[in-house]
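Following: one structure in structure tokens, then a few remarks.
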Amino acid sequence: MEEQIKVATEKFESLLRAQIERAQKMEENPVKKDFSKADKIIIGVCGGDGIGPVITNEAVKVLNALLEDEIKSGKIDIRVIDGLTIERRLERGEAVPSDTLAEIKKCDVLLKGPTTTPKGGTMESANVALRRELDLYANVRPVSVPEKNIDWIFYRENTEGEYVLGSKGVEIDGVLAFDFKVTTDKGTKRIARAAFEYAKNNGKNNVAIVTKANIMKKTDGKFSKLCHEVAEEYPDITAEDWYIDIMSANLVNPALQSKFQVFVLPNLYGDIITDEAAQIQGGVGTAGSASIGDKYAMFEAIHGSAPRMVERGAAAYANPTSMIKAAEMLLRHICRTKEADRLEKALTVCTETEKKIEITRDCKGATCSEFGDYIIETLKRF
Ligand code: NAD
């Protein structure tokens, strides 16, 4: 036991030093690319695993249709990047193979299909690795349910909290296990600023800061305090503290749910509550997600690779709406607002107002590809 305590203590010291170094390296005033003025934009595409390639293909079809002229002129390059499959990751023993990462880093933005993470073992999730390698600190997930007057956007911190040392905990055999949660000052301020900037630029006047600061006093306490400090720079926006437990209830409370606008949360709470929010919208297949950093950004569905759908031969009936919504977010990120608005209108027609064809869970409705074609046809109306 004494020996294990000694090893764990030494491990803690090295983790602490590495985290201090990470925190010190974070840039305070990064220079961001202005996509509205860029001569060339490279969009990388990784299909991922399971239903990933099927749904990603539809999102790429939609992007090709919307960006046809700029692709022809060479201003926009949609570049398929192979090599992020589970087979190759396992073979190489790397969450993201280094040659694939190098290709991804040549792109400005990435459209990524869901990737499988094997249970157990030591293989890290490709997503966690990409978020870290590309420093994608803001996970942004919009949720909208017009008939309930719900228009939410979640800013989940994406690079620290419980995840940064998630596979580096310590265990004293047969006695206990210890994991770590890390909240840095710069890491918190940059996610807070992203949320408040969004609120300011989109006419929102309320940001909910969601933590469990009554229990996690150091980490969540710091998160809440620093979010309030950033909020002082935005006098027209109210910042309200909420605890994650009651917020989970509020999201399904008809008397309260429409009052929320923008949420800022640490990593784990954001991970959980955004799936709840997506379910309120109509299921994980309907929700897109962006992971944004100062240099790179990645756009994807919020769900996983649905291996059971593939096993039962139903991949062709996967719903591509999530990936197409991710494509819409990508368009907005690269300042293609007109194209994003057209896509948003087509999505509303195809999924809410007209629904000429529908994807159904029993696989008796439209296929993923037919639904993609329906969106492209509908785009012509706008
Ligand atoms: P999942 O999201 O893959 O599936 C959950 C349920 O939703 C299943 O019933 C599935 O059939 C259904 N579903 C998901 N997407 C759908 C779509 N587009 N159309 C219709 N139905 C859809 O969750 P899981 O089974 O827990 O995870 C499977 C794998 O995905 C795991 O290896 C997990 O680690 C990984 N994963 C990856 C990401 C990512 O890459 N961003 C996110 C979550 C999970």
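The values are calculated or read from the model by the stated rules, or taken from the named source; none is laboratory data. These figures come from a predicted structure and were not determined experimentally. Virtual Cβ from ideal backbone geometry, glycine too; neighbours counted across all protein chains shown. All accessible areas refer to the heavy atoms of the entire protein, side chains included, with ligands and DNA or RNA removed. Shrake-Rupley method; radii C 1.70, N 1.55, O 1.52, S 1.80 Å.
So, with a 1.4 angstrom probe, what is the percent of accessible area on the stretch 4-59 that is carbon and sulfur?
Roughly 55 percent of what the probe reaches on the stretch 4-59 is carbon or sulfur.
Give me the log10 of I(q) over I(0) for the stretch 255-382 at q = 0.10, 0.11, 0.19, 0.21 Å⁻¹, as the Debye formula computes it from C-alpha points; what are the numbers?
-0.36, -0.44, -1.23, -1.37
For the chain, what does the helix formula give at 222 nm: sum of -39500 (n - 2.57) over DSSP H segments with n ≥ 4, over the residue count, nearest 500 deg cm²/dmol?
-13000 deg cm²/dmol
Using a 1.4 angstrom probe on heavy atoms only, work out the carbon and sulfur share of the accessible area of the stretch 94-229 in %.
So the carbon and sulfur contribution to the accessible surface is 51 percent.
What is the spin-label model distance, in nm, from Glu229 to Glu354 if the labels are put 7 Å beyond Cα along the C-beta direction?
Result: 5.2 nm between the two label points.
Between the stretch 221-256 and the stretch 7-21, how far is it from one alpha carbon centroid to the other, in angstrom?
Spelled out, the Cα-based centre of one part sits 32 Å from the other.
Going down the table (Lys33/Lys200; Lys33/Lys218; Lys25/Lys200), which pairs top 31 Å between alpha carbons?
Exceeds cut-off: Lys33/Lys218.
Return the single residue from Leu251, Leu101, Leu176 with maximal mean-square fluctuation; model: Gaussian network over the chain, springs between Cα atoms under 10 Å.
Comparing Leu251, Leu101, Leu176 in the GNM, the peak value goes to Leu176.
State, to one decimal in nm, how far the label point of Arg308 lies from the label point of Asn250, with both points 7 Å from Cα in the Cβ direction.
3.3
Return one number: the angle in degrees, 0 to 90 and rounded to the nearest 10, between the long axis of the Cα atoms of helix 219-231 and the longest principal axis of the Cα atoms of the chain.
Roughly 60 degrees, rounded to the nearest 10.
On the first, second and third principal axes, largest extent first, how far apart are the outermost C-alpha atoms of the chain in Å?
The Cα atoms of the chain stretch 68, 52, 45 Å along the principal axes, largest first.
In whole Hz, what ³J(HN,Hα) sequence does the stretch 314-327 give by Karplus (6.51, -1.76, 1.60; θ = phi - 60°), x for Gly and Pro?
After applying 6.51 cos²θ - 1.76 cosθ + 1.60, I find 9, 4, 5, 9, 5, 8, x, 4, 4, 6, 5, 5, 4, 5 Hz.
Compute the distance from the alpha-carbon center of the stretch 53-69 to that of the stretch 124-199, in whole Å.
Their Cα centres are 28 Å away from one another.
Place the peptides 103-116, 365-378 in order of packing, highest mean first, counting for every residue the other Cβ atoms within 10 Å and averaging per peptide.
Top of the packing list down: 103-116, 365-378.
Give, in whole angstrom and from largest to smallest, the semi-axes √(5λ) of the equivalent ellipsoid of the stretch 198-275, with λ running over the eigenvalues of the Cα gyration tensor.
19, 18, 10
Among 225-231, 290-296, 78-84, 201-207, what's the highest-first ranking by average C-beta atoms within 10 angstrom per residue? Don't skip to the end; give the middle numbers.
On the way: 225-231: 18.4, 290-296: 20.4, 78-84: 16.6, 201-207: 14.0.
Result, highest mean Cβ count within 10 Å first: 290-296, 225-231, 78-84, 201-207.
Which angle from 0 to 90°, rounded to the nearest 10, does the C-alpha axis of helix 337-348 make with the longest principal axis of the chain?
Roughly 80 degrees, rounded to the nearest 10.
Output the relative contact order of the chain, whole-number percent, from Cα pairs under 8 angstrom with separation of 6+ residues.
Answer for the chain is 20 percent.
Could you work out the relative contact order of the stretch 69-161, using alpha carbon pairs under 8 angstrom and six or more residues apart, expressed as a whole percent?
19
Highest mean first, how do 181-189, 152-160, 14-22 rank when packing is the count of other Cβ atoms within 10 Å averaged over residues?
Ranked from most to least packed, the peptides come out as 152-160, 181-189, 14-22.
Per residue, how many Å² of accessible area does the chain show with a 1.4 Å probe?
Value returned for the chain: 49 Å² of accessible area per residue.
Working from Cα positions, state the angle (0 to 90°, nearest 10) between the long axis of helix 185-201 and the longest principal axis of the chain.
Tilt of helix 185-201: around 30 degrees.
Roughly speaking, to the nearest percent, how much of the stretch 250-313's 1.4 Å accessible area is carbon and sulfur?
Values: 1370 of 2430 Å².
Carbon-and-sulfur percentage of accessible area, whole number: 56.
List the residues, sorted by chain then number, that are 5 or more residues from Val80 or on another chain and whose placed amide H is less than 5 Å from its amide H.
Sorted by chain and number, the residues that satisfy this are Val45.
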